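The values are calculated or read from the model by the stated rules, or taken from the named source; none is laboratory data. Quick caveat: nothing in here was measured; it's all calculated off a predicted structure. Every residue, glycine among them, receives a Cβ derived from its backbone with ideal geometry; neighbour counts consider all protein chains shown. In case anyone asks, the SASA skips ligands and DNA or RNA and just uses the protein heavy atoms, side chains included. Shrake-Rupley method; radii C 1.70, N 1.55, O 1.52, S 1.80 Å.
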Amino acid sequence: QDYTLRATANSNENDEDYDGLVVFKNYVEQASNGAIEVELFIGTQLCSNGTECLQGVADGSIDIFVTTSGGAAGIFPYVQVFDLPYLMRSDRVAEAVLTDTDFTRTLRDLALRDSGNAIRIMTIGNTGGWRNFANTQRPVQTPGDLDGLKIRTVVADLPQELVSTLGASPTPIPWPELFTSLQTGVVEGSKNGITDIMNMKFPDAGLKYLTLDGHAYMAAIWVMNNDTFLSMPEEMRRVVVNGFKELQQATFASPKRKSISAYEEFAAAGGEVYVPSPDEKQAFQDAVQPVYDWFGSNVDEGEQVLQSLRDAVAQVEEDIDADIAADIQ
Amino acid sequence: MLLWFLPVFLSLLLIGLPVFFALLFAPGALLWLNGQERDLALIYRNLYNGMDSFPLMALPFFLLAGEIMNRGGITERLVAFAQAFMGHLRGGLAHVNILSSILFAGLSGSAVADTSALGSTLIPAMERQGYARRFAAAITAASSVIGPIIPPSGIMIIYAYVMGQSVAALFLAGIVPGLLVGLGLMVTVRLLADRYDLPRAERIVERNAAIAPLEYWVSFVLLRLNLAGLLYMLTWALPGGWAVGGWAVYLALLVPAHFALVWYRGRCTPDFRTVCKKAVAPMQTPIIILGGILIGVFTPTEAAAIAVAYALIVSFGVLRVMTVADLGDVLRRSAIASATVLLLVGAAVAFKTMVSLSHAPEILAEFILGLSENPLTLLFLINVLLFVVGMFLDAGPAIIILGPILGPVFTGLGVDPVHFAIIMSVNLTVGLATPPMGLVLFVASSVSGERVETISKAILPFLAVEIAVIFLITYVPAISMTIPRLAGFAN
Amino acid sequence: MGVVRGLLVPFGLWNDWALAAARVIALAALGAMVVVILTQVFFRYVLNDALPWPDEAARFLMLWMTGLAAPTAFRHGGFVAIDMVRTLLPATVAGVLNLILLAMSLTVLLVGAQLGWTHVNSGWLFNSSSLRLPLDLVGGEPVRIKLAWMYLSLFTEMVLLTVVNIELILREVLCLAGEAARLPSYARSDVPEAE
Ligand code: NA
Ligand code: NA
């Protein structure tokens, strides 16, 4: 083969990221007729968090990497736009924003600029559905119910700002310590997708009350070393770009399938799922208004990126509503 | 091709290249020869990233806490306490040596600290009572390996970090194995005592010792608080559970705790009481560490920082044996010791990257499984391998080199990761006291003035017992797993 | 040998002074780490209001503590090694072997320093997630701290270790020339062991 692409994801083989990589590897190796080989490193074998791995991508020792918005916040703070609550109403909207609009390209240009043309955003998929609030103490139906709860967040501004705006107390805890911290009461809640909750067996640590507020889309940002990409001839680049498209579709589908059994297991483990009514959802939306202002004024490029996401959402909502109107007749 | 880094690494290690440089030189050279210069950056970054860790911070903190305690006159208090309980037995001071090590283990995560602290007090005392110096040095070295088995433990922090395990679970899993090693050594001493007619000792060394009023009242309060806490925990076991009570129940339990202590007090001699009271403040440390982690007040790193604060309060405020100049010295020594270990952990993480790049674990797993598919046989073989490695290499470096290679194979065979961690830790810790290259033997030699070769011979019966305990731990998982399971920290 | 002896002087002096200064900063960093974590414990459990920065600040201090204290350990023979072969060999052969080993460690350090410099430069791209200079306290804007300031610790360490390594090589050469008795002794200091 002529090219070896080294791809890494900091998750495990049960994760959506791995499903996407398997599809990518299979497609690219076949479509390039063996000219491109994809080598997978799953877990923390090469690097153990977003910053470390992005550095590897920047210096070319890693070709392909998938990061969450939080993991990339150190170098591309504006990608935290995906952590802003309640901007996209459904999977259908989110997927249309990420496939049918120029929003990903807007982010790609900014990222290339901020990484000195080293890190290229290839596509944005999903990793684990949507974030919801879950806790060990009580059912949460309105924003007021979160008051005073110690909620685990990653070490990043925006999730912490969101949690404190809702009256809860953001507590940074490393992911491997979260199980014992929930169990012993160091924290009382978390904001994760259901598959992560079940993979880590958090209900065994007392995590019981889950509120499906869907406050953030768990975007998976797939990046590649720009030089590696541009050093390939155009027909190979075409194969890679198509491979990422296949990967994206796989990561859209995978969490939906996995979450069904995860919700069943959650209920079987004694968990209670609460679905907020439209009014209650509105109350959450009203409560988080200050976070949007905070994002606009505290995050570099925040206002511009937030605006372009809102434009993209407006555009796809219009299209989707029109499609639905046509399809239900 | 890349796989050659392993034999290269081992050869460099054997001819005396420091472990830190060997961990980096071998992978670097092979990558360079293989034309993979870009991966050198990967190695360097993982060296950095390996050190940049919050859980790892528990290591310098526990080291610092142990150093402060050691400086603060706590060792003598623990030895006096152990003697009050076991001095009157045949081979009294040998038993005292072992019990002191068990008590000291709850404060310190290091076998070397144990040997040097207890050895300098107990070896001369044993000699004065007619013990052979080589015997005194050997029992000191043999019992000090309990230090890193009973929590806190430096090597378990390292193992947990490198292997992605919970520090708390490993700490809890080490308690019973540590006690078991102590028990095994005591039985051996008992047998030897009959054979060589080892002397008994006085239970109380210093008669009519004074205790400062502050220390008196601190131990007065702590004793009652702890006993009430113990009673409170017993109420959980009552049918129906009293957990409803909370603080009110706890405060109420202070009353029976007080009267129980007053009753017990009337049954002991004044000297015995003084010795016990003087040991209360130091022995609160393990309760703070373990209790804090168990009840969930602290993460292990925070518990370690609290241990430092507590050690400072006790040494400066209660015992008043430490000065500010001492503090500077203690900080300096701890910083240097931590730095060498952290650097080694970083190099191990870099080395681990090379292990992944070369696909060594898959190849090694295939090889190991080719030897046998029976986990029991493999565990036996692995214990032999670890023991041989432990003869030449210190526990920390050995654990960070072998953990990533061996761990996945055995967890794949259904061995619980926590159990495997304990097998590795105990085996390699015993290696610290095993000739020819046992670190603890060298320290015991310099503390006692006895030659390493002589101590090496005298320690053999104790090592035999420790090897027996290793196999007991290996084949009876419940020894390690019961406490972490009961506490909900392991499956 | 006069040249070697002459060369050893500046390296010895530098290592006396620079490492002493480094040790002082390292011990202060260790003390500060404890304070930072205790502050976090206080805010989290007593005030029920976890601070965002102590986690990263403590790691920052730990990295610098390591970077500045490790060279002292290296100079005093505190890096763990298996000495068995060297003790079994005749003195001259052991000395030559030691020179070869020191050349290997020097190679590691020189490559490390070079990679370290690249690493530091890449760190200017990345903001720390929670650390900032609180210039708002004096009326300015808070400035985010770049990760390069953390990365600099390991680069500094590589440089300090390199200088120590050169000194050790010069000393070994003088030992081989039979001048061991005239060298100042860096006996293994009373550094505690972590295991
Ligand atoms: Na211990
Ligand atoms: Na002992």
Projected label distance in nm at A:A267 and C:D136, using a 7 Å step from Cα toward the beta-carbon: 4.6
Buried solvent-accessible surface, both chains (A, B), 1.4 Å probe, Å² to nearest 100: 1800
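Please report the orientation-averaged projected area of chain B, defined via the convex hull of its C-alpha atoms, in nm². It would help to have the intermediate numbers written out before the result.
Numbers: hull surface 99.3 nm².
Averaged projected area of chain B's Cα convex hull equals 24.8 nm².
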Full-extension gain in nm, B:W32 to B:A260, via 0.36 nm per residue minus C-alpha separation: 75.0 nm
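Would you mind estimating how fast chain A diffuses translationally, via Stokes-Einstein at 10 °C and 1.306 mPa s with the Kirkwood radius over Cα pairs, in µm²/s? Each step should come with its number before you reach the end.
Details: Rh = 20.4 Å.
D, rounded to a whole number, is 78 µm²/s.
If I compute solvent accessible area with a 1.4 Å probe over the protein chains, what percent of it on chain A is carbon and sulfur?
Details: 5630 of 12490 Å².
Reported share for carbon and sulfur atoms: 45 percent.
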Shielded residues, region B:381-408 - accessible-area loss of 20 Å² or more between chain alone and all protein chains, probe 1.4 Å: B:F392, B:D394
For chain A: relative contact order, % (alpha-carbon pairs under 8 angstrom, 6 or more apart): 25
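Translational diffusion coefficient of chain C at 37 °C, 0.692 mPa s, Stokes-Einstein with Kirkwood Rh over Cα pairs, in µm²/s as a whole number.
Values: Rh = 19.4 Å.
The calculation lands on 169 µm²/s.
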Projected-area mean, the protein assembly as shown, by convex hull of Cα positions, square nanometres: 45.2
Charge dipole (chain B, unit charges on Cβ, about Cα centre) - positive-most of B:S110, B:A84, B:A168: B:A84
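First measure r as the distance between the Cβ atoms of C:W17 and A:I260, then evaluate 1/(1 + (r/R0)^6) with R0 = 56 Å and state the FRET efficiency to the nearest 0.05.
Working: r = 67 Å, r/R0 = 1.20.
About 0.25, to the nearest 0.05.
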Total accessible area lost when A and C pair, probe 1.4 Å, Å² to nearest 100: 1600
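Just in region C:107-167: which chymotrypsin sites (Phe, Trp or Tyr not before Pro) are loop by DSSP and have at most 15 other Cβ atoms within 10 Å? Could the numbers behind the result be given before it?
Values: sites: C:W117, C:W124, C:F126, C:W149, C:Y151, C:F155; in loops: C:W124, C:F126.
Those that pass, being in a loop and sparsely packed, are C:W124.
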Carbon and sulfur %, accessible surface of region B:211-299 computed with the full protein complex present, 1.4 Å: 79
Spin-label model distance (nm) - A:A325 vs B:M391, 7 Å beyond Cα toward Cβ: 8.5
Cα long-axis angle, helix A:103-114 against chain A (0 to 90 degrees, to the nearest 10): 70
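Given the peptides C:96-109, A:295-308, arrange them by the average over their residues of other C-beta atoms within 10 Å, most packed first.
Details: C:96-109: 18.3, A:295-308: 16.6.
Per-residue mean Cβ counts within 10 Å order the peptides as C:96-109, A:295-308.
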Residue of A:G144, A:G50, A:G271 that the Gaussian network model of chain A assigns the largest fluctuation, springs spanning Cα pairs under 10 Å: A:G144
5 angstrom amide H check on A:N192, placed H, neighbours 5+ away: A:N132, A:A134
Inter-chain shielding of C:47-54 (mean C-beta neighbours from other protein chains, 10 Å cut-off): 5
Acute angle (nearest 10 degrees) that the helix B:360-371 long axis makes with the longest principal axis of chain B, alpha-carbon atoms: 80
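Counting DSSP beta bridges in the protein assembly as shown, what percent are antiparallel, to the nearest 5? Each step should come with its number before you reach the end.
Details: 24 of 42 bridges.
Bridges in the protein assembly as shown that DSSP calls antiparallel: roughly 55 percent.
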Å² per residue, accessible surface of the protein assembly as shown at 1.4 Å: 38
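Kindly rank B:453-466, A:180-193, B:384-397 from highest to lowest mean number of other beta carbons found within 10 Å of each residue.
On the way: B:453-466: 18.9, A:180-193: 23.1, B:384-397: 20.4.
Put in order of decreasing packing, that is A:180-193, B:384-397, B:453-466.
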Over chain A: helical MRE at 222 nm, DSSP H runs n ≥ 4 each giving -39500 (n - 2.57), nearest 500: -15000 deg cm²/dmol
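Using only DSSP helix segments of four residues or longer, with each worth -39500 (n - 2.57), what per-residue ellipticity at 222 nm results for chain C after dividing by its residue count and rounding to 500? Walk me through the intermediate numbers first.
On the way: 5 runs with 128 residues, N = 195.
That calculation yields -23500 deg cm²/dmol at 222 nm.
At 27 angstrom or more along the helix axis (alpha-carbon based) and mean Kyte-Doolittle of 1.0 or higher, what helices does chain C contain? Whole DSSP H runs only.
C:2-41, C:91-122, C:148-176
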Selection from A:A35, A:P77, A:Y274 lying farthest towards where the dipole of chain A points positive, charges on Cβ: A:Y274
Extreme residue, positive dipole direction of region B:263-328, given options B:I293, B:P270, B:V324 (C-beta unit charges): B:P270
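With +1 on each Lys and Arg Cβ and -1 on each Asp and Glu Cβ, how big is the dipole of region B:211-299 about its Cα centre, in debye rounded to the nearest 20? All intermediate terms of the calculation are to be shown ahead of the outcome.
Details: 6 positive and 2 negative charges, 41 e Å.
With Lys and Arg at +1 and Asp and Glu at -1, about 200 debye.
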Overall form of region B:211-299 per C-alpha gyration tensor (a/c, 1.5; a/b vs b/c): oblate
Cys residues of the protein assembly as shown counted as unpaired, since no other Cys beta-carbon is under 4.7 Å: B:C268, B:C276, C:C175
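Report the B-C buried area as the accessible area lost on both sides summed, probe 1.4 Å, in Å² to the nearest 100.
Values: alone 21340 and 12320 Å², together 28110 Å².
Rounded to the nearest hundred, the buried surface is 5500 Å².
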Rel. contact order, % - alpha carbon contacts under 8 angstrom, at least six apart, chain B: 26
Given charges at beta-carbon only (K, R positive; D, E negative), |dipole| of chain B in Debye: 1380
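Evaluate E = 1/(1 + (r/R0)^6) for B:R273 and B:W247, where r is the Cβ-Cβ distance and R0 equals 45 Å; express this FRET efficiency to the nearest 0.05. Mind dumping the intermediate values first?
Working: r = 30 Å, r/R0 = 0.66.
Efficiency at R0 = 45 Å is approximately 0.90.
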Student exercise, chain A dipole from Lys, Arg, Asp, Glu Cβ charges, in Debye to nearest 20: 580
Cleavage-rule hits (chymotrypsin sites (Phe, Trp or Tyr not before Pro)) in region B:128-213: DSSP loop, at most 10 neighbouring Cβ within 10 angstrom: none
Threshold 50 Å² - residues in region A:142-188 whose accessible area is reduced by that much or more when the chain is no longer isolated, probe 1.4 Å: A:V155, A:D157, A:P172, A:E177, A:T184, A:V186
Residue-averaged beta-carbon neighbours from other chains (10 angstrom radius) around B:31-41: 3
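When the accessible area of region B:310-402 is computed with all protein chains present and a 1.4 Å probe, what percentage of it is carbon and sulfur?
Values: 2440 of 3340 Å².
Answer for region B:310-402: carbon and sulfur cover 73 percent of the accessible area.
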Interface residues, region B:322-341 - accessible area loss of 20 Å² or more versus chain alone, probe 1.4 Å: B:L331, B:R332, B:R333, B:A335, B:I336, B:A337, B:A339, B:T340, B:V341
Cα-Cα over 32 Å, subset of B:K277/B:K457; A:K201/A:K281; A:K150/A:K281; A:K25/A:K258; A:K25/A:K150; A:K201/B:K352: B:K277/B:K457; A:K25/A:K150
Förster-model FRET efficiency, 51 Å R0, A:K245 and B:Y196, C-beta, rounded to 0.05: 0.05
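Once you average over the residues of C:26-32, how many Cβ atoms of partner chains fall within 10 Å of each Cβ? Display every interim value, and only then the final one.
Working: counts 7, 10, 4, 3, 13, 7, 0.
Counting other chains' Cβ atoms within 10 Å and averaging over C:26-32 gives 6.
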Label point 7 Å beyond Cα of C:L7 along Cβ direction - residues of region C:104-121 with amide nitrogen under 18 Å: C:104-111
Degrees between helix A:16-31 axis and first principal axis of chain A (Cα, 0 to 90, nearest 10): 20
